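Undergrad: To start, I am sharing the structure in question, which I have written as structure tokens.
The values are calculated or read from the model by the stated rules, or taken from the named source; none is laboratory data. Just so it is clear, the structure is predicted and the values come from calculations on it, not from any experiment. Positions of Cβ are backbone-derived with ideal geometry, glycine not excepted, and every protein chain shown enters the neighbour counts.
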Amino acid sequence: MFSSLSVALRACAPLLLATLLALAGACSSTQSASTKTSPAQRVQQHVAQDLDRLATQVQQQLLPLARRGTSPDSLRRGFRACRLLYKRVEPFTEYYMPGTARLLNGPPIGEVEVAENKDFEPSGLQVIESLLYPEYDPANRAELEREVRALHREISNARTRWQVQELSDAHVFDVLRLQVFRVVSLGITGFDTPLSPTAIFPETAAALVALQPLLAYYEPAGSAPDSVRQAYGAAQRQLARAAQYARQHPDFNNFDRLAFITDHANPLGRALLACQVQLGIRPFEEVRALRPDAATLFDSAAFNPDFYAPTTQHYRTEARIALGRQLFQDPVLSGTGGRSCASCHQPEKAFTDGLAKNATLTPGGLVRRNTPTILNAALQAGQFYDLRSTTLENQAVDVVGNPNEMHGSLETAARRLQLRPEYVRQFRRAFPGSEVGAEPRITPVQIQTALAAYERSLIRLNSRFDQHMRGQQEVLSKEEIRGFNVFMGAGKCGTCHFAPLFNGTVPPGFTEAESEVLGVPAAPGSRRLDADQGRYAQVQLPQLRHSFKIPTVRNVALTAPYMHNGAYRTLEQVIEFYNEGGGSGLGLNVPNQTLPPDKLHLSAADQRALKAFLLALTDTTRQE
């Protein structure tokens, strides 16, 4: 028997050996392929797995709970688990598929497509949140189930799109830093968790923890230079510390957001950029609103106002800025020759006029709206209170041609300027090579470009607040620090006036300008809503009635009176308006108000601190 077995084994030996060798070769081949897999490819696979986990959680846990709809606590636990998983994929869905990201976690209000004069129903996690918080109504079970199914469909769409997505190392590091910026500007304010504030800081921690394994794919080998390994280690430690701080301070109202930013988020942004550079991965060089090599949101040169110019032909030059400054102050642009841009945008008043509404050129009349500051106006994705202009160039045409404001035309102004030799020389310097024949011709487009170039030079981001955020010690008082925390927390100001620009251009992409329906009264104490229809006059969708652009609150110490109609003369009045819940909170009939109508219940000390912080945003010095 044994000899037979021995014979059989000897007969099988060649085949067995061949099989073992084949298996070894396969293992070696797999190992080799694994070795050749780039860090970016492993990040792509990692995110694919996280999308799978999210899809499974929604389908196998949240959907059955929604279908039964009987246990609010179980529903909320299942929902929170989904949100935590979403935070793992959020940086990539927001970066690569923003349309899908909006359907996964967009605001619970309809999206407006201005170009098509249409609105689209909201969907996603924030809509589901509104069905579960502050109270769950079983009568909405069918709607809840429908929204969860829609969420699962969108996750499936994201999974399909992600399968063909290609990443580069530069993209990965771009995503990592942008997620840190998203946490700073949106996450810690409760922007996407407005109804469940207790979830904000667990989600903040989850968003940061999720970056650690992604960065780990770039861990340098032991043979790498010390500087590379040290930069990588510093970035991982900063990630861990920032996440730990968020976990250890979960209270919404008492979370020290300023300390979190200065002590954790800003050092993290710097560490990630330093790690990227040490690894030899160059940041992008494309023109973006937030420069691709910005280490923090508060860097002195973090923003590039030329991003919002229509084309590269409209970018700033020193000659164009100088020409635009002179045109801004010259009444030659007006039809009557008696009003310049500076007549209403007065430099000594932070480029406002100190009036509720300025006078029209026709005696006895008033212009339609309050004169806004143009300091930092270049860092907005839309112009005018009703956002009817997307560029500063188009805004110039509108203002010059408006019969109540300047009652002129750029064509007429160009002909007038052509008769002034000094202007001809200035235009030639600002627009070299634009001569027609032997004689240079001044054109309306050149006037627009020069005016816009000057406005793009009026960037003021060096207030005491900015200096504090850049590491200067003891620049802000304790009351001002408390005010920032109120602004970003209990006051809910930061959910609309986004840091660091404190306007309505949404970070961290800064490509979309938001508007809100506040319910501003015709006058302080009035029981009548201001009659101005806002964006509705341009885009006649019901939700845009009385909707206005969110302006910057930088330099508010110098820009009173406030609101689109100049209704409020003091910051105290403005703060009280918001504290009461806007127009609806004051008892006005504003059925489409987007500002939450609930009272904020800010204490007198909170309100004083909030004002102190707003005053710390003043900067009228020239920033080279």
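Undergrad: Kindly indicate which of Gln276, Gln248, Gln244 is polar (S, T, N, Q), surrounded by 18 or more Cβ atoms within 10 Å (Cβ to Cβ) and not assigned by TED's automatic domain parsing to the domain that holds Leu600.
TA: From the options Gln276, Gln248, Gln244, the qualifying one is Gln276.
Undergrad: Separate question: Of all residues in segment 300-314, which are touching a residue at least 60 places away in the same chain (Cβ under 8 Å), surrounded by fewer than 21 Cβ atoms within 10 Å (Cβ to Cβ) and in a loop (DSSP other than H, G, I, E, B)?
TA: Scanning segment 300-314 gives Ser300, Ala302, Pro310.
Undergrad: Suppose we filter Leu178, Leu186, Leu151 for residues that are in the same structural domain as Phe92 (by TED's automatic domain parsing) and crowded, with 17+ Cβ neighbours inside 10 Å; which single one remains?
TA: Working: Leu178 fails: in the same structural domain as Phe92 (by TED's automatic domain parsing); Leu186 fails: in the same structural domain as Phe92 (by TED's automatic domain parsing).
The match here is Leu151.
Undergrad: So which of Gln346, Gln329 is surrounded by fewer than 17 Cβ atoms within 10 Å (Cβ to Cβ) and either out of contact with any Cys (no Cβ under 8 Å at 6 or more places or on another chain) or over 25 Å from Phe431 (Cα atoms) (or both)? Before you say what the answer is, go through the steps one by one.
TA: On the way: Gln329 fails: either out of contact with any Cys (no Cβ under 8 Å at 6 or more places or on another chain) or over 25 Å from Phe431 (Cα atoms) (or both).
Only one candidate qualifies: Gln346.
Undergrad: I'm trying to understand the selection: among the residues of segment 147-188, which are of a type in the set (D, E, K, R) and assigned to a helix (DSSP H, G or I)? Spell out the reasoning first.
TA: We begin by selecting, within segment 147-188, every residue of a type in the set (D, E, K, R); these are 147, 149, 153-154, 159, 161, 166, 169, 174, 177, 182.
Those that are of a type in the set (D, E, K, R) and assigned to a helix (DSSP H, G or I): Glu147, Arg149, Arg153, Glu154, Arg159, Arg161, Asp169, Asp174, Arg177, Arg182.
Undergrad: Filter segment 589-608 down to residues that are without any contact (Cβ under 8 Å) to a residue 12 or more places away in the chain and in a loop (DSSP other than H, G, I, E, B) and give me whichever is surrounded by the most Cβ atoms within 10 Å (Cβ to Cβ).
TA: Across segment 589-608, the extreme among qualifying residues is Ser603.
Undergrad: May I pose another question? If only one of Phe487, Phe498, Phe510 is among the aromatic types (Phe, Trp, Tyr), under 20 Å from the mean Cα position of the chain (by Cα) and either assigned by TED's automatic domain parsing to the domain that holds Ile109 or on the phi > 0 side of the Ramachandran plot (or both), which one is it? Reasoning before the result, please.
TA: Working: Phe487 fails: either assigned by TED's automatic domain parsing to the domain that holds Ile109 or on the phi > 0 side of the Ramachandran plot (or both); Phe498 fails: either assigned by TED's automatic domain parsing to the domain that holds Ile109 or on the phi > 0 side of the Ramachandran plot (or both).
Answer to the selection: Phe510.
Undergrad: A further question follows. Quick one: is Phe255 buried (at least 17 other Cβ atoms within 10 Å of the Cβ), of a type in the set (Phe, Trp, Tyr) and not in a helix (DSSP H, G or I)?
TA: Working: buried (at least 17 other Cβ atoms within 10 Å of the Cβ): yes; of a type in the set (Phe, Trp, Tyr): yes; not in a helix (DSSP H, G or I): yes.
So Phe255 fits the description; yes.
Undergrad: For segment 45-67, indicate whether the set of residues that are modelled with pLDDT under 95 and of a type in the set (S, T, N, Q) is non-empty.
TA: So far as segment 45-67 goes, no, none of its residues is modelled with pLDDT under 95 and of a type in the set (S, T, N, Q).
Undergrad: Residue check: is Pro521 touching a helix residue (DSSP H, G or I) at 6+ places or on another chain (Cβ under 8 Å) and within 24 Å of Lys349 (Cβ to Cβ)? Please lay out each step first, then the result.
TA: On the way: touching a helix residue (DSSP H, G or I) at 6+ places or on another chain (Cβ under 8 Å): yes; within 24 Å of Lys349 (Cβ to Cβ): no.
Taking the combined requirement at face value, the residue does not satisfy it.
Undergrad: Please verify whether segment 527-546 includes one or more residues that are polar (S, T, N, Q), outside any helix (DSSP H, G or I), in contact with a strand residue (DSSP E or B) (Cβ under 8 Å, 6 or more places away or on another chain) and within 30 Å of Arg182 (Cβ to Cβ). Break it down stepwise before answering.
TA: First pass over segment 527-546, keeping only residues polar (S, T, N, Q): 533, 538, 540, 543.
Okay, now just the ones that are also outside any helix (DSSP H, G or I), so 533, 538, 540.
From what is left, the residues that are in contact with a strand residue (DSSP E or B) (Cβ under 8 Å, 6 or more places away or on another chain) are none.
No, segment 527-546 contains no residue that is polar (S, T, N, Q), outside any helix (DSSP H, G or I), in contact with a strand residue (DSSP E or B) (Cβ under 8 Å, 6 or more places away or on another chain) and within 30 Å of Arg182 (Cβ to Cβ).
Undergrad: Quick one: which residue in Pro91, Pro108 is in the same structural domain as Arg159 (by TED's automatic domain parsing), surrounded by 15 or more Cβ atoms within 10 Å (Cβ to Cβ) and within 17 Å of Leu144 (Cβ to Cβ)? Full working, then the answer.
TA: Working: Pro91 fails: within 17 Å of Leu144 (Cβ to Cβ).
Just a single option satisfies the conditions, and that option is Pro108.
Undergrad: For Asn376, state whether it is surrounded by 18 or more Cβ atoms within 10 Å (Cβ to Cβ) and touching a residue at least 60 places away in the same chain (Cβ under 8 Å).
TA: Working: surrounded by 18 or more Cβ atoms within 10 Å (Cβ to Cβ): yes; touching a residue at least 60 places away in the same chain (Cβ under 8 Å): yes.
Taking the combined requirement at face value, the residue satisfies it.
Undergrad: Also, quick follow-up: Looking at segment 567-588, which of its residues are assigned to a loop (DSSP other than H, G, I, E, B) and either buried (at least 21 other Cβ atoms within 10 Å of the Cβ) or touching a Cys at 6+ places or on another chain (Cβ under 9 Å) (or both)?
TA: Just the residues of segment 567-588 that are assigned to a loop (DSSP other than H, G, I, E, B), to begin with: 567, 569-570, 580-581, 586-588.
Within segment 567-588, Ala567 is the sole residue that qualifies.
Undergrad: Now, a different point. I'd like to know if segment 402-410 contains one or more residues that are small (Gly, Ala, Ser) and either more than 16 Å from Cys341 (Cα to Cα) or not in a loop (DSSP other than H, G, I, E, B) (or both). Give the derivation first.
TA: Just the residues of segment 402-410 that are small (Gly, Ala, Ser), to begin with: 408-409.
Remaining after also requiring either more than 16 Å from Cys341 (Cα to Cα) or not in a loop (DSSP other than H, G, I, E, B) (or both): none.
Looking through segment 402-410, none of the residues is small (Gly, Ala, Ser) and either more than 16 Å from Cys341 (Cα to Cα) or not in a loop (DSSP other than H, G, I, E, B) (or both).
Undergrad: Can you find, within segment 263-273, the residue that is surrounded by the most Cβ atoms within 10 Å (Cβ to Cβ) among those that are in contact (Cβ under 8 Å) with a residue 60 or more places away in the chain and not aliphatic (A, V, I, L, M)? Lay out the reasoning, then the answer.
TA: Step one: of segment 263-273, the residues in contact (Cβ under 8 Å) with a residue 60 or more places away in the chain are 265-266, 268-269, 272-273.
Filter once more, so that each one left must be not aliphatic (A, V, I, L, M): 266, 269.
Numbers: Asn266: 23, Gly269: 26.
Ranking the candidates gives Gly269 first.
Undergrad: Hey, among Phe260, Phe191, which residue is part of a loop (DSSP other than H, G, I, E, B) and buried (at least 17 other Cβ atoms within 10 Å of the Cβ)?
TA: On the way: Phe260 fails: part of a loop (DSSP other than H, G, I, E, B).
The unique qualifying residue is Phe191.
Undergrad: I would also like to ask the following. Suppose we filter segment 354-412 for residues that are modelled with pLDDT of 95 or more and touching a His at 6+ places or on another chain (Cβ under 7 Å); how many remain?
TA: Qualifying residue count for the region: 6.
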